[in-house]
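Bear in mind these aren't lab numbers, they're just calculated from the coordinates by the rules spelled out. Predicted model only: the values in this text are computed from it and were never measured. Neighbour counts are summed over all protein chains in view; Cβ atoms, including those assigned to glycine, are modelled from backbone coordinates with ideal geometry.
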Amino acid sequence: MQIAILGYGTVGGGVGRLVAQQQHQVQQLQVTHIFVRPTHPRTQPEMSDDFEAIINDSHLDVVVETLGGVEPAHQYILAALRHGKHVVTANKAVVARYLQEFTQVAAAHHVHFYYEASTGGGIPWLRNLEQAARVDSLDRLAGILNGTSNYILDQMASQGVEFEVALRSAQQLGYAEADPTADVAGIDVQNKLRISTAVAFNVDPQFALPTWGINGVRQSDIRDLQRLGLTLKLMGTSVRHGDHVAAVVAPTVVVNDSLFAHTPGNFNLVALHGESVGDLQFYGQGAGAAPTATAIVQDVLDIAHGVPHLHRDFAQPAISDDDLLTGDYLVRGAVGACPGVTDSMVGSYYWAADVHPAVMARWVASHPDSLALRLSPAASAQVRPTVAQLAQGRRAFA
Ligand SMILES: NC(=O)C1=CN([C@@H]2O[C@H](COP(=O)(O)OP(=O)(O)OC[C@H]3O[C@@H](n4cnc5c(N)ncnc54)[C@H](OP(=O)(O)O)[C@@H]3O)[C@@H](O)[C@H]2O)C=CC1
Ligand SMILES: N[C@@H](CC=O)C(=O)O
């Protein structure tokens with residue numbers, strides 16, 4: 001099976017090394033082309049900047065796309081599929097946008113389009129999600145889906161370092177995107193949650209998805225939450241009830257004895273809930289060259305061995321319904337106009353109750369110096385009695 005790798009950075013290089021190191025296991029795989037920029041030093045004989053020559057090679061079977069970004073990756077993937085090449089990609093930005101189109105074009109040209117590495121790095125998440133959805137009715141997904149932001153929050157909590165220091169370290173370790181804004185602002189999780197939700201519920205990934213990130217989190221927030229027995233994580237959640245779907249990406253407060261609170265470094269933890277299976281959780285390295293390369297090579301081997309992934313048309317109706325994810329928040333900053341805000345304080349935060357995610361996302365976007373932390377259901381249950389006591393106290397003094 002002959003492979004072309006498009007883009008030889010962290011992940012593309014990881015794929016090249018994995019195929020070379022594990023030759024005893026993957027003998028049938030051979031990297032015959034590496035597509036790089038004209039300015040890229042030619043350190044290997046397979047390197048070239050001639051994309052047309054690569055996809056016109058009649059011996060080529062699979063194109064592995066690890067360029068990143070939406071264009072030209074979108075056009076290169078379509079061209080490869082139309083030339084009868086299977087495509088495997090790690091690029092969640094392009095998959096989240098064009099999943100339906102890639103799936104249709106691949107089917108029309110009788111080739112496979114696989115994207116396990118796009119979500120959860122080295123965790124075999126999408127293939128297990130597909131399997132679960134095959135026999136069950138899934139109604140909830142929730143997870144830590146970004147290694148960079150998890151690494152940053154973990155370093156801030158365990159080492160006491162400031163946000164910027166932890167971010168630089170995540171970049172050096174190869175976890176962050178070329179532009180890390182997507183990691184810290186929640187866009188990378190948004191892309192992964194769109195893909196996961198589309199696979200789980202067979203819906204078009206272009207549903208409404210209120211999103212905000214961890215940009216405004218300070219060392220003092222981490223310490224305040226620690227004093228309350230709580231931990232902060234950047235999480236994505238999506239739920240389905242019949243045709244109704246809701247999703248949110250937000251800095252999320254979890255209780256200290258949850259598995260999410262104990263997910264360290266660049267690790268991801270992602271969970272599904274099905275009517276029959278109940279809760280299932282998947283844990284592993286969500287970023288980095290070597291773990292991500294394993295997910296890519298698994299997809300290539302599935303193609304080599306003729307292992308089909310589930311067919312999806314992503315055409316089930318999805319009505320956006322924020323009522324499904326109404327939640328409680330801890331907020332600080334200019335909270336006067338914050339939706340749902342009460343005068344009860346929890347640590348140094350105000351309590352905001354029963355707010356729709358889209359409404360809170362709009363408040364966050366228009367108040368860049370403020371912070372809104374979403375409470376997981378368990379964290380909300382832990383904090384609510386304190387809030388009720390405070391409210392009672394105020395009535396007694398009134
Ligand atoms: N890093 C990680 O842990 C993970 C990354 N991913 C995804 O994998 C993809 C690759 O990420 P990563 O390897 O980290 O990114 P890198 O920036 O390290 O690598 C991308 C490579 O592609 C090259 N490239 C980009 N555009 C072009 C182009 N138009 N023509 C030729 N070469 C090009 C870049 O060159 P140049 O540097 O000159 O721009 C770079 O060498 C992304 O979609 C990312 O989201 C998925 C899971 C984990
Ligand atoms: N930048 C991403 C890489 C993997 O998808 C992350 O940090 O999770």
Would you mind checking the tilt of helix 73-82 against the longest principal axis of the Cα atoms of the chain, expressed as 0 to 90 degrees and rounded to 10? 40
Could you sort 261-267, 64-70 so that the peptide with the highest average Cβ count within 10 Å comes first and the rest follow in order? 64-70, 261-267
Taking the Cα atoms only, what angle lies between the long axis of helix 377-397 and the longest principal axis of the chain, rounded to 10 degrees? 20
In Å, the Kirkwood estimate of hydrodynamic radius for region 77-118 over Cα pairs equals 9.9
Please give me the summed charge of the neighbours of residue 94: other residues whose Cβ is under 14 Å from its Cβ, Lys and Arg +1, Asp and Glu -1. -1
How long is the gain from residue 366 to residue 172 if the chain were fully straight, where each residue apart is worth 0.36 nm and the alpha carbon distance is subtracted? 66.6 nm
Cα to Cα, under 29 Å, and not fewer than 8 places away if on the same chain: which lysines meet these conditions relative to residue 233? 92, 192
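For region 105-171, what value does the Rg/Rh ratio take when both radii are computed over Cα atoms and Rh is the Kirkwood radius, given to two decimals?
So for region 105-171, dividing Rg by the Kirkwood Rh gives 1.17.
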Dipole axis of region 207-286 (+1 Lys, Arg; -1 Asp, Glu on Cβ), positive-most option in 244, 222, 212: 222
Which number do you get for Rg(Cα) / (2.2 N^0.38 Å) in region 326-397? 1.07
Express the relative contact order of region 303-355 as a whole percentage, based on alpha carbon pairs under 8 Å and six or more residues apart in sequence. 32
On the formula 1/(1 + (r/R0)^6), with r taken between the Cβ atoms of residue 277 and residue 57 and R0 of 45 Å, the FRET efficiency rounded to 0.05 is 0.55
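Under the definition of Cα pairs under 8 Å and six or more residues apart, what whole-number percent is the relative contact order of region 215-314?
It rounds to 15 percent for region 215-314.
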Protection-proxy order for peptides 220-230, 143-153, 304-314, 281-291, each taking the mean of Cβ atoms within 10 Å per residue, highest first: 143-153, 281-291, 220-230, 304-314
Starting from 0.36 nm per residue, how many nanometres of slack lie between residue 22 and residue 104 once their C-alpha separation is accounted for? 26.2 nm
Along the charge dipole of the chain, pointing to its positive end and built from +1/-1 on Cβ of Lys, Arg, Asp and Glu, which listed residue (186, 149, 371) has its Cα farthest out? 371
What is the gain in length, in nm to one decimal, between residue 311 and residue 354 on full extension, counting 0.36 nm per residue of separation less the C-alpha to C-alpha distance? 11.7 nm
Could you give the spread of the C-alpha atoms of the chain along their three principal axes, from largest to smallest, in whole angstroms? 82, 44, 36
Using the Cα centre of the chain as the reference point, and only Cβ charges (+1 on K/R, -1 on D/E), how large is the resulting charge dipole? Debye, rounded to the nearest 20. 760
Using θ = phi - 60° and the Karplus curve 6.51 cos²θ - 1.76 cosθ + 1.60, what whole-Hz ³J(HN,Hα) does each residue of region 5-10 get, with Gly and Pro shown as x? 9, 9, x, 10, x, 4
Output the 0 to 90 degree angle, nearest 10, between the alpha-carbon long axis of helix 92-108 and the longest principal axis computed from the alpha carbons of the chain. 40
The chain: relative contact order as a whole-number percent, Cα under 8 Å and 6+ apart: 17
Given the rule -39500 (n - 2.57) for each run of at least 4 DSSP H residues, summed and divided by the residues of the chain, what is its mean residue ellipticity at 222 nm, to the nearest 500 deg cm²/dmol? -12000 deg cm²/dmol
Point-to-point label distance, residue 319-residue 342, nm (Cα→Cβ direction, 7 Å offset): 3.1
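Provide the packing ranking of 24-34, 180-190, i.e. peptides ordered by the mean count of other C-beta atoms within 10 Å per residue, highest first.
Values: 24-34: 15.5, 180-190: 23.0.
In descending order of packing, they fall as 180-190, 24-34.
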